[in-house]
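Peer 1: Starting off with a structure, shown below.
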Amino acid sequence: MAKEIKQGEQQQSLFGKMNYQLMLAGVALIVIGFLLMMGGSSDPNRFAPEEVYSFRRITLAPIVILLGLAVEVYAIMRKPKQ
């Protein structure tokens, strides 16, 4: 049988407030990374290697995405303060 929760007890959340804030920051970094990788508007009928292979798309965007994923892992593993 399942344990019954007493009326006076509150159910404790799995993550703390700081964990959720870090998770939101990680998601924001991931979204920023994908936006950087996506780039701006360009003519789809013309191939421009300087746009496709730019520093922003090849180097900066993947680093920002990996930082966002690292923040997510930290936010999940961080023990909430009680």
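Peer 1: Only Lys, Arg, Asp and Glu count, each charged at its Cβ (+1, +1, -1, -1), so figure out the dipole size of the chain about its Cα centre, rounded to 20 debye. Each step should come with its number before you reach the end.
Peer 2: Working: 9 positive and 6 negative charges, 84 e Å.
For this selection, approximately 400 debye.
Peer 1: Debye calculation, C-alpha points only, no solvent: report log10 I(q)/I(0) for the chain at q = 0.14, 0.15, 0.16, 0.17 Å⁻¹, in the same order as the q values.
Peer 2: Those come out to -0.63, -0.68, -0.72, -0.77, one per q.
Peer 1: In addition: Give the angle, between 0 and 90 degrees and rounded to the nearest 10, that separates the Cα long axis of helix 17-38 from the longest principal axis of the Cα atoms of the chain.
Peer 2: Here the helix axis deviates by roughly 20 degrees.
Peer 1: For the stretch 22-54 and the stretch 60-77, what is the separation of their C-alpha centers, rounded to whole Å?
Peer 2: Cα centroid of the stretch 22-54 versus Cα centroid of the stretch 60-77: 16 Å apart.
Peer 1: Another question about this same structure. Hey, if you put +1 on the Cβ of every Lys and Arg and -1 on every Asp and Glu Cβ in the chain, which of S41, I58, A25 ends up farthest toward the positive end of that dipole?
Peer 2: A25
Peer 1: Let me ask something additional. Mind ordering 54-61, 37-44 by average Cβ neighbours within 10 Å, highest first?
Peer 2: The densest-packed peptide leads the list: 54-61, 37-44.
Every read-out reported here was derived from the displayed coordinates using simple, explicitly stated rules and does not represent laboratory data. Because the structure is predicted, anything quoted here is derived from the model rather than measured. Please note: Cβ atoms are built from the backbone with ideal geometry, for glycine as well, and neighbour counts cover all protein chains shown.
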